[in-house]
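The values are calculated or read from the model by the stated rules, or taken from the named source; none is laboratory data. All figures in this text were calculated on a predicted structure; none of them were measured in a lab. Note that each Cβ is placed from the backbone with ideal geometry, even for glycine, and that neighbours are counted across all protein chains shown. SASA here: full protein model, heavy atoms, side chains in, ligands and nucleic acids out. Shrake-Rupley method; radii C 1.70, N 1.55, O 1.52, S 1.80 Å.
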Amino acid sequence: MEAIQKLWLKRVKYLATIYYKFISFQFDAVILIYTLFFAGAAIHYNLSRIYLYRETITQGNWVMILQLVILAAMASGSYKGFLKNADEVFLTPLNQHGKAFIFYSFRLSEIIALLIWSAASLALYFFISSVGQWHISLWLFWLVGLLLKLIYMNLSFFIYQINSRNIRKIAKVLFYFVVWIVGYRYLGLWLSGVLNSHMVVTNLCGMAIMLIISIYLKKLSAIPWNRWITDETNSRANNYATLLKTAPIEKGSVKIKANSIANALFTWDRFLPFDEKRALLLLYYRMIIRGKGNLSLILQLSAASLAAILILKNSMLAGIGIFLVSLLLSDFLMSLWYNLKDNVWLKLYPISRAQQYWAYQWGAIVILLPIFILLILINVAINGAILNPVVDLFIISIWLLIITQIKAFSIYTKMFLRV
């Protein structure tokens, strides 16, 4: 066990050095001084506006957003630990030693979560107390948040180890439902002062029992090493792709079967003639629905635009949010074409460059247009039109055509002209 601990400490020092070098490369002393100066000046000259915003977000519908932020700060934390699990591939045959290695990392994750929550709870407490509407105890606020955070991390670890994909999905949905729906309701009652001291003590005892049960379940877990390492490798690929703005190339040892409904919506293989252009589109859409995380990212970005519409209550601001999300989503969808650069099927079934360029131009539009036309219609129905309903729809359609055409030309240039 001592050898495993030394190995773990060695990995911690190595990764800490990498993170330090990356951060120091991004922010030198001069940039840091300028950043602090401009941030301080901006805060100083906008204090009155900041106080106004503080009063605003603690009233009306904004209270819901504030409570969700507090709940998100409580229910967070890395259940995998702060060491990358792809580094433990050599420990796969040694499940007992590998598990010890992981739990050292998980303990570090718990310590970091405790420190982050302590700082966040202190800031949130003084913010809420300064408004004067909620009367809560700092130590109780800190303790409830810490218990919820540890329970969340332990049970997330346990759920991830479930081998059956369907059971794992059901357990995850039920778990998130309890944490977010029930947690939000309880947090609202607690912050409003409705709960008496007897109920608070009872709930704390219940959370302590849940924490003990979660620790026990975590220790019983048998780690599925192959799936864990594959998921971690794909996660790294996606992170680097976001940072470097290149399409992720995911590891395919975990087979993901496409859903029949998504297959009908995105592939159209029963309706499209199998010519060269549509064959390439078929390959593109299958790549989208089979790539782990592609559909979820599309839904997340679409949900971000919908949230802007519902929260901002202003057609112009919501429209700006929709345009910004359209840039992100179109860039992501167009970047997926790079994954087909060395595709074996394309080499066996050659497609002319003109037809490939046609597919680059129109492939993503099939997904983008319905999404953003629907978002514009929702914005018009809730907040009103920016200019005119027909004009708004026309502008978003032209905008999507322009940015996808520009990106298609860039992809064609990089893939075929080697620029």
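Per-structure values
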read-out: Residue within the range 279-298 that is modelled with pLDDT of 80 or more, crowded, with 16+ Cβ neighbours inside 10 Å and within 26 Å of residue 64 (Cα to Cα) present; value: yes
read-out: Some residue of the range 155-164 being of a type in the set (Ser, Thr, Tyr) and under 30 Å from residue 15 (Cα atoms); value: yes
read-out: Close pairs (8 angstrom Cβ cut-off, 6 or more residues apart or separate chains): over 21 Å from residue 222 (Cβ atoms) in the range 143-156, among the acidic types (Asp, Glu) anywhere; value: 150/110
read-out: Failed item in (1) at pLDDT 70 or above; (2) out of contact with any Phe, Trp or Tyr (no Cβ under 8 Å at 6 or more places or on another chain); (3) open to solvent by 60 Å² or more (accessible area, probe 1.4 Å), with residue 35 passing the rest; value: (2)
read-out: Among the candidates 104, 184, 160, residue that is in contact with a Leu (Cβ under 7 Å, 6 or more places away or on another chain) and among the hydroxyl-bearing types (Ser, Thr, Tyr); value: 184
read-out: Residue that is most open to solvent (accessible area, probe 1.4 Å) [pool: residues in the range 203-230 that are modelled with pLDDT of 85 or more and within 14 Å of residue 140 (Cβ to Cβ)]; value: 205
read-out: Residue match in the range 384-393 (condition: part of a helix (DSSP H, G or I), open to solvent by 70 Å² or more (accessible area, probe 1.4 Å) and either modelled with pLDDT under 85 or hydroxyl-bearing (Ser, Thr, Tyr) (or both)); value: no
read-out: Residue among 86, 100, 113, 75 that alone is closer than 27 Å to residue 222 by Cβ and at pLDDT 85 or above; value: 113
read-out: Pairs where the first residue, in the range 8-20, is in contact (Cβ under 8 Å) with a residue 40 or more places away in the chain and open to solvent by less than 100 Å² (accessible area, probe 1.4 Å) and the second is in a helix (DSSP H, G or I) and not hydroxyl-bearing (Ser, Thr, Tyr), C-beta under 9 Å, 6+ apart; value: 8/100; 8/101; 8/108; 11/87; 11/88; 11/101; 12/108; 15/87
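Every residue, every condition in (1) under 25 Å from residue 228 (Cα atoms); (2) modelled with pLDDT of 80 or more; (3) surrounded by 15 or more Cβ atoms within 10 Å (Cβ to Cβ), yes or no:
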residue: 119; (1), (2), (3): no, yes, no
residue: 132; (1), (2), (3): no, no, no
residue: 144; (1), (2), (3): no, yes, yes
residue: 150; (1), (2), (3): yes, yes, yes
residue: 181; (1), (2), (3): no, yes, no
residue: 185; (1), (2), (3): no, yes, no
residue: 191; (1), (2), (3): no, no, yes
residue: 196; (1), (2), (3): no, no, no
